[in-house]
Every structure is written in C-alpha cells, then in structure tokens.
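Every number in this text was worked out from the coordinates using simple rules, so none of it is lab data. In this text, all values refer to a predicted model and were calculated from it rather than measured experimentally. Here the Cβ positions follow ideal geometry from the backbone for every residue, glycine too, while neighbour counts run over all protein chains shown.
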Amino acid sequence: MKVIAILYKGGEAAKQEPRLLGTVENELGLRAWLESQGHEYLVSDDKEGADSFLHTNIVDADIVITTPFHPGYLTRELLDKAKNLKLCVTAGVGSDHVDLNAAAEKGLEVMEVTGSNVSSVAEHVVMSILLLVRNFVPAHEMIERGDWAVSDVARNAFDLEGKVVGTIGAGRIGQRVLQRLAPFDCKEFLYYDYNALSPERERELGARRVTDLKNFVAQCDVVTVNAPLHDGTRGLVDAALLQHFKRGAWLVNTARGAICDAEAVAAALKSGQLRGYAGDVWDVQPAPLEHPCRAMKNPLGGGNGMVPHYSGTTLDAQSRYAAGTKEILENFFEGRPQTPANVIIGTKGYATSSYGQR
C-alpha cells in the first residue's frame, strides 16, 4: 500500500535528538518496518495548495497519517480526490483536521492514538494556569532586561488556592487537570460537558457540573478548555460569552484554537475583562506573524502565556503516539480489531461521542 505522512520539520534538533519521532526527519520510526512489509512510505511537511505534497500524493494513497501539531487538513474536496484512501490516522489526539462527516459518508476509517498525550497536555494546562495566576511571564521578562521592580509584577500576582477552577470538557484531559490541581486547595472545581460524569466520578474529582455555559463561566476564576473541536465547540468562547466571565478571570486553551475567537480574546485581554490567556493551540498553524494572540497584553503589560503547539508532543508523548500509530497500522494490515478508544470513524460511521452530540 501507499502510505503518506504529513509531519513537521525538525531541522537540526531532529538530527541531534532521534526521539523527536513526530518529525519529517525521524518519520515516526516507521520507515524500516513499513518497507520491510512491502509498503511505500512517503513523508513531507508540505501540505498547503494544489501542488503540495499532500494534495498530489493523496490522490492514489491508501493511508494518510497526520498530526495535530502540523495538521494536514483533509477537507471534503481533498477526500473527493483520494479514490484509493481507506484509512486516516492521527499520530496524536484530535482529528478535527479531518472532515469527519465526509469520511463517514465515504466509508473511510479515522483513527487516533487516544490517550497518548493526555498526561502531557494536562501537565501543560496546570503549568499555564500557574504562570498566569502568578504573573510569571512579566516577572521573567523583567529579569531578562535587567530590571528589579517587585511591585510591578506582584500587583497582578495571586494564589491559586481559594479560586474556582472550571473545565469546558471533562474527558480524559479535563479530568486529569482537576486531579492534578487537587493539592492546590482550590475553592471549587466545576465542569461543563454534555456528557455528565457519574456521581461516583464527580465525588472522586470533587467536581460539580454546571449545565448552562454562561452561568458556568460566571462562577469561575480560571476556565480551562479541554474539549474537541466540532460544530458545537467552534467559536464557543466568543465576544458575547466573554462578557459573562468574571472580570479579571484567566482562560487557558490547549484544546483547539478555533474554540476561542482570537480577536475577541485579544480585545478582552486588552480591556481587562480577561486577566490572562494561555495555551499552545492556534486557529491557523503555524500562526501568522500578525496573529492577535502573539503580542496581546492586559492593561498591566502581562497576561500572555501563548506558545507553539507542543503540549502534546513532548518526547514521552511522541514515543507513545508513534507506537500507537504502528499498532493501528498493524491491526489494519492484519485485519485485527482496533482498540475501541482509538476509533473515531469506523466501518459503520461515528464510533465516538467526543465530536458532538448525535
């Protein structure tokens, strides 16, 4: 079979560090194995435009592998051209870069390595919450430029203890975030999700469900977004919803950039409605230089905790999602059942409730 993969360029770092498996240079560690099985394996980072590697090679590809970190967008129009395509694999978690409705209609299977980076992302969420609440970035920048004015940073630094923290989405990542925050003695944990947790799980997490989103954000000092991108979450955090946040709340988004309206977030930060916004996901990746989330600030010159999309691609996570990708391919080639949690679109259509209510 012809297998193609869209990965990100690792450059010199990938040559020096072979554990950067999710790069063009290290190819998820799959080349020797795939070629020993008689398959053709083509890898590139070139994904945009009619003449790109992705658009020209998907026409006769049997399998396409993509990642959330440098997504190859598999639109309906592109899938229409892929006459031989049978399987789309996400090396990582989150398959919103695939037109899932089109894939289901065409009988394409869509898999992802569920759970491969949930701990990695949950740790990044906790780090992001702390750096915002403690006003870390302006304090570090002060040291770099040789200044020392404690009051300038302390005036916007707080404790996480005693704060209300809420997660939009209470799946694998959202639950792990709340677990990891338990030692900080927060006042309360809230969650907003169309899938209710069991009463036993709510007690274990110490979490209370709020079913109205406006009411939910109005109660939170910190809101963290841990939901997949689908029709029900795209643009969910917009200018109208931001007006219902507590003034001076913090917002963290490591889920998908398009869940939050970037222009609205930047405006809310500038006005002080938000005290801070952090995350690693962008509505366009790589983000253009003029993207509003690159340089936005709150009225005191802080509040920006944005980084490139890397929370789920630590070296530990890359090892897990590379191994998971190989397992999915092995099962596919040998006709074995896939791990149910990895199946987004199966032979009978949607196999998950994670991408919206149906």
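Averaging the Cα positions of each part gives two centres, and for segment 41-89 and segment 237-267 these lie 32 Å apart.
Relative contact order (percent) for segment 118-306, with alpha-carbon contacts under 8 angstrom and 6 or more residues of separation?
That works out to 21 percent.
Average projection, convex hull of the Cα set of the chain: 18.8 square nanometres.
Would you calculate a helix-derived [θ] at 222 nm for the chain, using -39,500 (n - 2.57) for each DSSP H run of n ≥ 4 and dividing by the full residue count, to the nearest 500?
Roughly -9000 deg cm²/dmol at 222 nm, from the helical runs in the chain.
Taking a ≥ b ≥ c as the square roots of the Cα gyration tensor eigenvalues, segment 132-251 comes out prolate, since a/c reaches at least 1.5 and a/b is larger than b/c. Counting neighbouring beta carbons within 10 Å and listing from fewest to most, the residues W33, W148 come out as W148, W33. Annotation for segment 92-130 versus segment 278-351: alpha-carbon center distance of 6 Å. The fewest-to-most ranking of M142, M296 by surrounding Cβ atoms within 10 Å reads M142, M296.
Mean-square fluctuations from a GNM of the chain, with a 10 angstrom spring cutoff on Cα atoms, peak among A50, A249, A227 at A50. Each Lys and Arg contributes +1 and each Asp and Glu -1, all at the Cβ; summed about the Cα centre of segment 118-306, the dipole is approximately 240 debye. Computed over segment 81-175, the range of Cα coordinates on each principal axis works out to 63, 32, 20 Å, biggest value leading.
In the chain, a dipole from Cβ-located charges (positive for Lys and Arg, negative for Asp and Glu) runs towards its positive end, and of T167, V177, P199 it is P199 whose Cα lies farthest in that direction. DSSP bridge analysis restricted to the chain gives an antiparallel fraction near 10%, rounded to the nearest 5. Looking at this model, which pairs from K246/K270; K2/K326; K86/K106; K83/K106; K187/K270; K83/K326 are more than 19 angstrom apart at the alpha-carbon? With Cα atoms farther than 19 Å apart: K187/K270; K83/K326. Setting aside same-chain residues fewer than 8 positions from K47, which aspartates and glutamates have a Cα under 19 Å from its Cα? The qualifying aspartates and glutamates are E25, E27, D60, D62, E77, D80, D96, D99, D283. Taking amide H positions as modeled 1.01 Å from N, with prolines and chain starts lacking one, the residues under 5 Å from Y8 and 5 or more places away or on another chain are V24. Which shape class applies to segment 1-84: rounded if a/c is under 1.5, otherwise prolate when a/b exceeds b/c and oblate if not, where a ≥ b ≥ c are the square roots of the Cα gyration tensor eigenvalues? The shape class here is oblate. In terms of its C-alpha gyration tensor, segment 193-327 comes out oblate, because a/c is 1.5 or above while a/b does not outweigh b/c.
Charged side chains reduced to their Cβ positions (Lys and Arg at +1, Asp and Glu at -1) give segment 83-185 a dipole of some 300 debye around its Cα centre. Among Y8, Y194, Y277, a tally of other beta-carbon atoms within 10 Å of each Cβ gives an order, fewest to most, of Y194, Y8, Y277.
Between R19 and R234, the contour length at 0.36 nm per residue exceeds the Cα-Cα span by 74.1 nm.
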